[in-house]
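**Student:** Provided herewith is a single structure, encoded as structure tokens, for subsequent inquiry.
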Protein chains: 2
Amino acid sequence: MGTATRNRILEEAARLFTEKGYEATSVQDLAEALGLSKAALYHHFRSKEEVLYEISLQALEGLCRQGERALSEPDPKVALLRFMEGHARFFEENRPFFVAMLQGLQSLSPEKRAVTIALRDRYEGMLRSILERGMALGVFRPLDVGLTARAILSLLNWMIRWFRPGGPLRAEEVARFYFDLILKGLEHGAS
Amino acid sequence: MGTATRNRILEEAARLFTEKGYEATSVQDLAEALGLSKAALYHHFRSKEEVLYEISLQALEGLCRQGERALSEPDPKVALLRFMEGHARFFEENRPFFVAMLQGLQSLSPEKRAVTIALRDRYEGMLRSILERGMALGVFRPLDVGLTARAILSLLNWMIRWFRPGGPLRAEEVARFYFDLILKGLEHGAS
């Protein structure tokens, strides 16, 4: 039951942080939304920052799990497609956690931010590994790996600004379109 | 002199909105940062929202001007490159206006938001025109124009999250890398 309440707090907090912003959400707001006293909340989390930290860790750990699965694909093109689809699917299925994590980084204390950034770097490192493997095999052309990875994450992450569930496309379908666009390019081939 | 003060208010407001967020910035904060009284501020703008609105209009009008120049290039590939470079350059040179505009849309009243969105749609329409022309000429492959335009703006706009002036690359150089990536794709051509 402790865990159930804890998860309920995280879910509600992620929703509020996403809608109102982390800074604009008070512990009082969170307690009211949950129908809990502030004392009950503090029984589970020492601070609002602790809640954001836990949300960020869960989001990044979820992303890393999907990244590991993509990375295990031997074909670099398939691995890249899986990575992009998995990122978009994780975003769609865990939108409040994902958005609260992406937007909350600068609100964490230096120590917590360092842990969060290390996890994010680990995740982005998986994408870079996929790209590097593809370049080493001659499947991808030789490009700046860091900027290419940044381009891919920019495409996917900007979805927090416009993608709404229930629209004509699933997030995964958008990811497949983006994969196709950056893989084959916009230009008609000479072939 | 009225115009000079007005511009100084807009510059300072754009900086504060970008750093602290629009909601978290009070008219009092703005007056203090400028060394003006609130009464003096209200002499120039009726409300904080009016300030954000003016910032958003100036940012979008600046983007539209650069979009027009890109659109006037007859070669669709050159036009697309100019559009992407121009967007990135405008962002780098007018960062506070650009970021305050992008982040402030949801804070505007429905009427002001409608005007702002119409301008943004006009700007995005220029990018779609460039893509459509390229597809009609067979220079670009036939793709969903709306999603392709969205991809391009996602790449460029996500720079507000990571790009810092004074780094190893100018924003325009990043835009050229992105242009190359989506134009030619990541894959080694069969040719």
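The values are calculated or read from the model by the stated rules, or taken from the named source; none is laboratory data. Every value quoted in this text rests on a predicted model; they were computed, and no experiment measured them. Cβ placement follows ideal geometry from the backbone for every residue including glycine, while neighbour counts extend to all protein chains displayed. Just the protein is used for accessible areas: all its heavy atoms, side chains included, with ligands, DNA and RNA removed. Shrake-Rupley method; radii C 1.70, N 1.55, O 1.52, S 1.80 Å.
**Student:** Report the extension gain between residue B:137 and residue B:121 in nm, rounded to one decimal, defined as 0.36 nm multiplied by the number of residues separating them, less their alpha carbon distance. Display every interim value, and only then the final one.
**Tutor:** Numbers: separation 16, 0.36 × 16 = 5.76 nm, distance 2.39 nm.
Using 0.36 nm per residue and subtracting the Cα-Cα distance, I get 3.4 nm.
**Student:** Counting only complete DSSP H runs, which helices of chain B cover 30 Å or more along their long axis at the Cα atoms and score a mean Kyte-Doolittle of 1.0 or above?
**Tutor:** Once both thresholds are applied, nothing remains.
**Student:** Now, a different point. Would you mind giving the three semi-axes, in whole Å and largest first, of the ellipsoid equivalent to segment B:138-189 according to its Cα gyration tensor?
**Tutor:** Equivalent-ellipsoid dimensions as semi-axes: 24, 14, 8 Å.
**Student:** Name the chain B residue nearest the rotation axis between B and A, going by Cβ position, and give the distance in whole Å.
**Tutor:** Output: B:185, 1.
**Student:** What does a probe at residue B:33 reach in segment B:84-124, counting residues whose amide N is under 15 Å from the point 7 Å along Cα→Cβ?
**Tutor:** Inside the label zone: B:95-104.
**Student:** In nm to one decimal, list the spacings between the residue A:166 label point and its equivalents in the other copies, with label points set 7 Å along Cα to Cβ, shortest first.
**Tutor:** 4.6
**Student:** Here's a follow-up. For A:158, B:162, give me the order by solvent-accessible area with a 1.4 Å probe, most accessible first, ignoring ligands, DNA and RNA.
**Tutor:** Output order, biggest surface exposure first: B:162, A:158.
**Student:** When the Kirkwood radius is taken over all Cα pairs of the protein assembly as shown, what Stokes-Einstein diffusion coefficient follows at 4 °C and 1.567 mPa s, in µm²/s? Before the final figure, lay out the partial values.
**Tutor:** Working: Rh = 22.6 Å.
For these conditions, the coefficient is 57 µm²/s.
**Student:** Given label points at 7 Å from Cα along Cα→Cβ, what nm distances, shortest first, separate residue A:21 from the same residue in every other copy?
**Tutor:** Reported distances to equivalent positions: 0.4 nm.
**Student:** How much accessible surface does residue B:69 have with a 1.4 Å probe, in Å² rounded to 10?
**Tutor:** Its heavy atoms expose roughly 150 Å² to the probe.
**Student:** Quick check on segment A:87-188: take the gyration tensor over C-alpha atoms, sort the square-rooted eigenvalues as a ≥ b ≥ c, and tell me if it's rounded (a/c under 1.5), prolate or oblate.
**Tutor:** On the way: a/c = 2.61, a/b = 1.21, b/c = 2.16.
Judged from the Cα gyration tensor, segment A:87-188 comes out oblate (a/c at least 1.5, b/c at or above a/b).
**Student:** With respect to the cross-link table entries A:20/A:184; A:20/B:77; B:20/B:184; A:77/B:77; A:20/A:112, which display a Cα-Cα separation exceeding 32 Å?
**Tutor:** Violating the 32 Å limit, Cα to Cα: A:20/A:184; A:20/B:77; B:20/B:184.
**Student:** Determine the shielding of peptide B:153-165 by partner chains: average, over its residues, the number of Cβ atoms on other chains within 10 angstrom of each Cβ.
**Tutor:** For peptide B:153-165, the averaged partner shielding equals 4.
**Student:** Shifting gears a bit: Evaluate peptide B:169-180: per residue, the Cβ atoms of other protein chains within 10 Å of its Cβ; return the mean as an integer.
**Tutor:** Counting Cβ atoms of other protein chains within 10 Å of each residue's Cβ and averaging gives 2.
**Student:** Before we go on, tell me the buried accessible area for the B/A pair, both chains summed, 1.4 Å probe, in Å² to the nearest 100. Please report the intermediate quantities before stating the final value.
**Tutor:** Numbers: alone 10650 and 10650 Å², together 17570 Å².
What B and A bury together is about 3700 Å².
**Student:** Additional query: Run the numbers for residue B:113 and residue B:160: contour at 0.36 nm per residue of separation, minus the present Cα-Cα distance, in nm. Intermediate values should be presented prior to the final figure.
**Tutor:** On the way: separation 47, 0.36 × 47 = 16.92 nm, distance 2.10 nm.
Gain on stretching residue B:113 to residue B:160: 14.8 nm.
**Student:** Can you pull the accessible area of residue A:112 for me, 1.4 Å probe, Å² to the nearest 10?
**Tutor:** 40
**Student:** What accessible area per residue comes out for segment B:40-83, rounded to a whole number of Å², with a 1.4 Å probe?
**Tutor:** Heavy-atom accessible area per residue stands at 45 Å².
**Student:** Just grab the label-to-label distance for residue A:188 and residue B:73, each label 7 Å out from Cα along the Cβ direction, in nm (one decimal).
**Tutor:** Result: 2.0 nm between the two label points.
**Student:** Then there is this: For residue B:46, place a label point 7 Å from Cα along the Cα-to-Cβ direction in every copy; what are the distances to the other copies, in nm, shortest first?
**Tutor:** Counterpart label points of residue B:46 in the remaining copies fall at 5.0 nm.
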